[in-house]
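Each value in this text was obtained by applying a stated rule to the coordinates, not by laboratory testing. Given the structure is predicted, the values throughout are model-derived calculations rather than measurements.
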Amino acid sequence: MTKGIPTVAVVATVLVAILVIGMAGCGNGSTENGGETPTVQTTGGETEEKPAEQPGKEEFGLTTKALVQAVERVEALIAEYMREEGFEYVAVDYKTVRRGMAADKSLPGVSEEEFIAKYGFGVSTLYTGAAPQLTEGYCPGRVGLGEKNVQIYKNLSPADQVAYNRSLFGENTDASFAVGLEVEDFSRCGGCTRKAIEQVFKLEQLKATYYNPLNALINKDPRMKAALRKYAAKMREAGFDYNHPDEVETDIRERFYAITDGGTVPLEKLSTEQRAALKKLQDYERRVAAISFELEEEIFDPVEEQIERELYAREVK
């Protein structure tokens, strides 16, 4: 060996070290898995932070494409996990899930305004306590399951129906995937539905405290802050203490779950005290929903639509 000339092993070691350092440098600016804000090169050779992308317009801040992919993945996993439990479940397509979402506060031939006036949000006023597959009339959960799965359930024995829904939903049979998507709250989802959702959605999206990032962005705008102050003042004049339209239905649901043990007690099995409390809540729900809906249309919606148009107009440029 000639002194001063590196061996092949030494050269290889140096090259590997250089490669590792270079790869680490390439990772700077990544936004995946909680990484740093991405950077861009300016014409002068300097770097600056790249503006964060706007959240999507769909539920959970997703784009339409991302939502469709998430729905299809969750449905496929639900079917897989239900097979492992010994039950048949047919993964429904995005259109079916979307129909279930659209069925919220909706009845054939009834406008949203008419629905709100008669049923409020449909939380306590249309409660039956029955399994969604057996509920007639208004039931977004049943719509989102699809007819094939409803029929599969109906063909089971009563004992197997109980076991089926325990496997599919966990404790809360009203917390279907479509319903969770629509209200942007997966916290009550259980069973194979929850297990599938956990594989597709982020950890923060599974919490009851999750708030759509687009809504949060809109709420920061000074115009929306002014609109919300006006909304809150009008609600107080009407005898209700709410600062944002989003708070109203959430509050009704919490009160409803408190009365019905999380919505698990069938209507016919409610105690006298529970029935009285439910009746009182139903009257309250109709009144507060009607007033909030009117104020939303008058004060909140026009400002929200304007801010959203501006946000996405800037993004296109």
(request) In whole Hz, with x marking every Gly and Pro, tabulate ³J(HN,Hα) for the stretch 211-222 from phi via Karplus 6.51 cos²θ - 1.76 cosθ + 1.60, θ = phi - 60°. (result) 9, 3, x, 5, 4, 5, 5, 5, 5, 7, 5, x
(message) Percent of Cα-Cα pairs more than 17 Å apart in the stretch 213-309, please.
(response) 56 percent
(request) Express in % the proportion of alpha carbon pairs of the stretch 126-218 at distances exceeding 15 Å. (result) 62 percent
(message) Show me, for the stretch 106-111, the HN-Hα J-couplings you get by feeding each phi into the Karplus relation (A = 6.51, B = -1.76, C = 1.60, θ = phi - 60°), rounded to Hz, glycine and proline as x.
(response) 9, 9, x, x, 10, 6
(message) Exceeding 29 Å between C-alpha atoms, which entries from my cross-link table qualify? They are Lys105/Lys202; Lys118/Lys202; Lys154/Lys195.
(response) Lys118/Lys202
(request) Any chance you could check the Cα centroid distance between the stretch 299-315 and the stretch 120-183 for me, in angstrom? (result) 36 Å
